[in-house]
Each structure stands twice: as C-alpha cells, then as structure tokens.
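Contents: one structure, followed by commentary.
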Ligand code: UDP
Ligand code: MG
C-alpha cells in the first residue's frame, strides 16, 4: 500500500472521545482523493485508550498504534508519531479531542500540492476560559517580540508538514521540544490557515497548568537569547546607577557633611537586588538545565508496542524491526 499522508494523533486518557474520533477520522480517510494512514500514539494512558487503540488497529490496517511505555507529554508523543510517518507526501498533526477538525486534511493537502511545506492552522477564536485566553494571547505576543526568529502567533501544533519537514524535525535531537518552534525553524515555504477551533468533544483537558508552563518555558528558552541578555543589560544599568549615586554621596559628604540616613532605602535595595540576583540565577539555570538534559543524550521516548498492518511489530531502540 502506498501512503500519501500520515495523520498523527497523540492520546492521553481519551477513552471518552475515542469512538467519536475514530468515526470522524474514518469518514475523512474514506473520502480523500489520496491515501491516508492514521498514527494513534498512546501517551501512557491509565484508562482504556491503549486497548481501544489496539482494537481499531487490528480491525483497520489504515490505523497504526504506537504505544509509549509511560506518559511522556504531548510534544514527545507527537515526536514519536513523527518517527513512524510512512506518508510519502507528508503528515498532519491533530489533537485527539477533535478540537482540530480532521476534515481540513483536504484543504491542507491542496496547499501541500501547491508547493507549501508547512501549512499551520491559526486559531481565529478560542473557546477556553477568560484567564487562559488572556494568558495565551500575552504569551504568544511576548514570544514573538523576543524570539530569535519568527514563530507565527496563535498557531499550535495542528498542521500539515511535507515529508522533508518531517525528516528534518526527526533529525533534530533536542530533548525539550517545542514543535511549533522547530517547525518554524526548519523554514521552506510556510503558510497559515485560519480556522475556528472547536470545543473539546468529550472528556477533560489533559494539559495541566504545570504542563502548559513547561511548554511555555520551552518556547521561550529554546528559541530566544533574550532572558540571558536582559540580565547583562540590567547588570550594566545597575552598576552605572550605583556609580552615579556614589559620586552624588561623596559630593554631599564634602560639600555639606550630611551623610544621608536611609535605613529603609538600604534594606529595600538589599531585598530588591537579592531578588533580581535570584531571578537571574534561575534564568541561567534554565539554560544549564537544558544543556544537562541534552548531554545526557537519552532517547526522547520509550516505545512499548507498535501495531502496524494489523499485527504487533517487534521493536528495538524504538524502531520497528523489518
Ligand atoms: N496529550 C498527550 N499527552 C499529555 C497531554 C495531552 O498526548 O501528556 C494529548 C491529548 O490526549 C490531546 C492533545 O494532546 O489529544 C491535546 O491535549 P488537550 O486537548 O488536553 O489540551 P488543550 O486543548 O486543553 O490545550
Ligand atoms: Mg484540547
């Protein structure tokens, strides 16, 4: 079977939405003018998602199941899926909760055939709560300001990638992954596609605030030198200010012999600059941590099982044996 497009779906405890997802996906891949496979990645679910994946993969050979050994997080689950892409033209990445309509594969494929390498979906609206919406909006705008190159605003991982972009991303060994940044980094012809993001069709969000913060930090520290540079600038500014203040005090001492009282000011300065120093150390620590994670050179994920062509495959080093 020759496959044109692989659709990657990461799933973490998604039993509630699973049947609906498979229905939508099946009716989509039944109607495409090109051939599709679906790669369902189980990200160490503790509910029945893994069993459901095995069942559908045994029943319909167009579905491949990649089951990870434990919960690795969304970005790594998608990375695992990318490693199993057999689509000759490329791959599409969607969420499992049907917030990203799989029907868009038709439109995306047209753009891919027109010569675009990356088609990224831009969210016209969000259906999350007010606080989350504000946080997202502020974050994307901050990131745009400080990142070393242009990462499109309001676009998530929902996208279609050409085969060469998939290969490029697969060859990037970075541990703390921020796929939408890596995708932008690869380059080639990229285009945004505006769409209305639906609501999650069933179940609860699997992105805790902790996971969101981790993602946000990766977006900033992996793609921007700004945090470290701001420390240096702040340092220079502080030194310059303190020198001026020193000169001013010496002048007052000799001209009027009145040494300023300023106990409160002293304490304030100590507390303020201790805080600044702690933040600065933390910012440097973020980079050191990333270096540490990288030099350990662990594999990005561990695979438990792969079900392809309706049967379980043996895997070594996270690859299917042929
Ligand atoms: N997901 C995952 N591993 C995780 C968290 C989430 O594979 O640790 C999957 C989840 O099953 C879903 C997608 O990533 O298919 C997006 O997650 P979710 O919809 O919960 O995030 P939100 O849309 O609320 O930001
Ligand atoms: Mg969602």
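A few points about this structure:
- Within region 19-37, the set of residues being within 13 Å of ligand 1 (Cβ to nearest atom) and either under 20 Å from residue 303 (Cβ atoms) or buried (at least 22 other Cβ atoms within 10 Å of the Cβ) (or both) comprises 21, 25.
- Residue in region 82-103 that is in a helix (DSSP H, G or I), surrounded by fewer than 19 Cβ atoms within 10 Å (Cβ to Cβ) and out of contact with any strand residue (DSSP E or B) (no Cβ under 6 Å at 6 or more places or on another chain) present: yes
- Residue within region 113-127 that is surrounded by fewer than 22 Cβ atoms within 10 Å (Cβ to Cβ), at pLDDT 95 or above and outside any loop (DSSP other than H, G, I, E, B) present: yes
- The listed residue being in contact (Cβ under 8 Å) with a residue 24 or more places away in the chain, part of a helix (DSSP H, G or I) and surrounded by 11 or more Cβ atoms within 10 Å (Cβ to Cβ), out of 234, 281: 234
- Set 184, 135, 216: member being part of a helix (DSSP H, G or I), under 30 Å from residue 297 (Cα atoms) and within 13 Å of ligand 1 (Cβ to nearest atom): 216
- Residue count for region 215-230, restricted to those that are closer than 13 Å to residue 176 by Cα and more than 9 Å from the chain's Cα centre (by Cα): 5
- Exclusive hit being surrounded by 14 or more Cβ atoms within 10 Å (Cβ to Cβ) and closer than 30 Å to residue 266 by Cα, set 228, 186: 228
- Test: residue in region 164-173 that is farther than 16 Å from residue 143 by Cβ, away from ligand 1 (no atom under 14 Å from the Cβ), crowded, with 17+ Cβ neighbours inside 10 Å and without any contact (Cβ under 8 Å) to a residue 40 or more places away in the chain: yes
- No other residue among 203, 219 is touching a residue at least 40 places away in the same chain (Cβ under 8 Å), within 16 Å of ligand 2 (Cβ to nearest atom) and touching a helix residue (DSSP H, G or I) at 6+ places or on another chain (Cβ under 9 Å) apart from 203.
- Residues located in region 290-310, provided they are farther than 21 Å from residue 79 by Cα and within 29 Å of the chain's Cα centre (by Cα): none
The values are calculated or read from the model by the stated rules, or taken from the named source; none is laboratory data. The structure displayed is predicted, hence computed values, not measured ones. FYI the Cβ positions are ideal-geometry reconstructions off the backbone, even for glycines, and counts take in every protein chain you see.
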